[in-house]
Amino acid sequence: MVLLHVLFEHAVGYALLALKEVEEISLLLPQVEECVLNLGKFHNVVRLVAFCPFSSSQVALENANAVSEGVVHEDLRLLLETYLPSKKKKVLLGVGDPKIGAAIQEELGYNCQTGGVIAEILRGVRLHFHNLVKGLTDLSACKAQLGLGHSYSRAKVKFNVNRVDNMIIQSISLLDQLDKDINTFSMRVREWYGYHFPELVKIINDNATYCRVAQFIGNRRELNEEKLEKLEELTMDGAKAKAILDASRSSMGMDISAIDLINIESFSSRVVSLSEYRQSLHTYLRSKMSQVAPSLSALIGEAVGARLIAHAGSLTNLAKYPASTVQILGAEKALFRALKTRGNTPKYGLIFHSTFIGRAAAKNKGRISRYLANKCSIASRIDCFSEVPTSVFGEKLREQVEERLSFYETGEIPRKNLDVMKEAMVQAEEAAAEITRKLEKQEKKRLKKEKKRLAALALASSENSSTPEECEEVNEKPKKKKKIKPQETPQENGMEDPPVSPPKSKKKKAFPKEELTSDPEEMATSSMNPPKRKKSSPKEEMASEPEEAASPSVPKKKRKFSSEPPEAAASSTKKKKKKSQKASQEED
């Protein structure tokens, strides 16, 4: 009996499940569909064999990418080799994706099955997965799916910002739409202003120039010699300006009111602004094409290259197309009509707008379009897959097309493709080295600016953090300087110090009891022979108090009147006492 296992890939890990009663399941497919919704019945059908959770979100993203690409990841290989039976012929593994099933069968040798009953079982596993795995809740499973979905999408769309072809697609589409709108609006201005000055239409052909001139002239009766210089600047031609002036004097147009002129001038200004924006958009498109597809734009032009990319969907899709597809890209309707009617297929599509086909003779248009499509396909692949974009290859390919044109006309044999590509490779390496040097310089400058910015932020944060501490220190210092008046207590020498009048702002603190109660021996000895001590003046005390306040480690309360330690002072007083007793005995 063949053992049927099912592999289920989830955002939290891989799950391997075993199915009971395989023969009945294969025969009773409607019953399987019914028991999927009931958890109790589904537990009787499916049993969880093993669950391999992902250690991190990065590992989950790697496994998701591997499954989407049809590659067996090392975690999946370890799970299958560990928990599936060793006899591979008796094992049937059900998977949801045919690509991963083919990869497992090719690398590990297990027979894989997709669709049918396996799809229903996987639907039930997906529905009751949080109940099959212990410790997994529905909320945590949804969060894992959401996080993996976001990271997977970000990884799919993550590429170089400077080489985004979506902007080219939108730009060329907007450019074509602007051309249509400007033409439509210009015709409206011509008809509207033509009632007043019909002769101006024949003199000026350009739409934007016509709108500028109509906006400048206004009422034709006010046009005189003084405005001739400004008119020459607008038309860029002195003869046309003179013709406009002459035509305005003998015009057959009707008179027009001031309010009508205001509306015409307002609409003309809109058309002029649209034409100016169209020029700026074309400049932007040229800069983007030089960044994204420099070789293609150097070969066939920015506008035609952008239309090819837009029609293909992306630069990658255009690079995947063969030259025959690139040749008729944009002429699909004519191609299918020719195939349906069994007529002649089209020779060119969007590449017809290139200058090469227009310059070729009628009999050589098909040849040059085929040759140009071949070179466009090569240029698009170079632009798509090269690390450093450069226009060297496009310029060399353009030279080859020029040589082919001259060959068709004069019979001059062009250079071989091998020789041209060797020259292009040498020049491309030099250009790539120069570009990399510039990029490195820009990166160094950016890093320096980033370091300066981080240093400034760190300095600002340190200043902000230090200001409250300084305020606390300032608030604490006056508290330390406050002193209480000392009580009248006997000192170590047994005598009272002379009264010293401290400043009113500074009050002395009371001495602790440890200093006030000294040893009885010291009191007795000090009463007999008081040690000589210099009286400190008020100025010295005033000077010593700020020093003590500045050093917080030494408190003011523990002030010592004698520099000697108490034991040394006691021994010295005893010696003096003995000497005094001997002296008194000798006198007696």
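The values are calculated or read from the model by the stated rules, or taken from the named source; none is laboratory data. Just so it is clear, the model here is predicted, and its values are computed rather than measured. Cβ sites come from the backbone with ideal geometry, for glycine too, and all protein chains shown count toward neighbours. Each accessible area value is taken on the protein alone, full model and side chains, heavy atoms only, with ligands, DNA and RNA left out. Shrake-Rupley method; radii C 1.70, N 1.55, O 1.52, S 1.80 Å.
Structural remarks
- In segment 249-330, counting only helices (runs of 4 or more DSSP H) that sit wholly within it, the ones holding 1 or more residues that are touching an Asp or Glu at 6+ places or on another chain (Cβ under 7 Å) and surrounded by fewer than 18 Cβ atoms within 10 Å (Cβ to Cβ) span 258-292.
- Residue match in segment 51-69 (condition: of a type in the set (V, I, T) and open to solvent by 40 Å² or more (accessible area, probe 1.4 Å)): no
- When segment 378-391 is filtered for residues that are in a helix (DSSP H, G or I) and either modelled with pLDDT of 90 or more or buried (at least 20 other Cβ atoms within 10 Å of the Cβ) (or both), the ones remaining, listed by number, are I378, A379, S380, R381, I382, D383, C384.
- Within segment 359-377, being assigned to a helix (DSSP H, G or I) and not charged (D, E, K, R) holds for A362, N364, G366, I368, S369, Y371, L372, A373, N374, C376, S377.
- Of R415, R446, all but one fail to be loosely packed, with under 12 Cβ neighbours inside 10 Å and either over 37 Å from the mean Cα position of the chain (by Cα) or without any contact (Cβ under 8 Å) to a residue 40 or more places away in the chain (or both); the exception is R446.
- Some residue of segment 448-468 being among the β-branched types (V, I, T), out of contact with any Phe, Trp or Tyr (no Cβ under 8 Å at 6 or more places or on another chain), modelled with pLDDT of 85 or more and in a helix (DSSP H, G or I): no
- Selection status of S297, touching a Gly at 6+ places or on another chain (Cβ under 7 Å) and polar (S, T, N, Q): yes
- Residue list for segment 70-85, restricted to those being open to solvent by 50 Å² or more (accessible area, probe 1.4 Å) and in a loop (DSSP other than H, G, I, E, B): V71
- Boolean, K99 is surrounded by fewer than 16 Cβ atoms within 10 Å (Cβ to Cβ), among the charged types (D, E, K, R), outside any loop (DSSP other than H, G, I, E, B) and more than 39 Å from the chain's Cα centre (by Cα): no
- Single residue of segment 236-278 satisfying the filter (of a type in the set (S, T, N, Q) and within 21 Å of R188 (Cβ to Cβ)) that is farthest from the chain's Cα centre (by Cα): S251
- Segment 118-150, residues that are outside any helix (DSSP H, G or I) and of a type in the set (K, R): K134
- For segment 434-460, a residue qualifies if it is under 27 Å from T390 (Cβ atoms) and of a type outside the set (K, R), and the qualifying residues are E434, I435, T436, L439, E440, Q442, E443, L447.
- Qualifying positions in segment 426-439 - of a type in the set (A, V, I, L, M, F, W, C) and either surrounded by 12 or more Cβ atoms within 10 Å (Cβ to Cβ) or in contact (Cβ under 8 Å) with a residue 12 or more places away in the chain (or both): A428, A431, A432, I435
- Of the residues making up segment 342-358, those that are closer than 11 Å to L372 by Cβ, more than 40 Å from the chain's Cα centre (by Cα) and part of a helix (DSSP H, G or I) number 2.
- Subset tally (residues that are aliphatic (A, V, I, L, M) and in contact with a helix residue (DSSP H, G or I) (Cβ under 7 Å, 6 or more places away or on another chain)) for segment 237-295: 14
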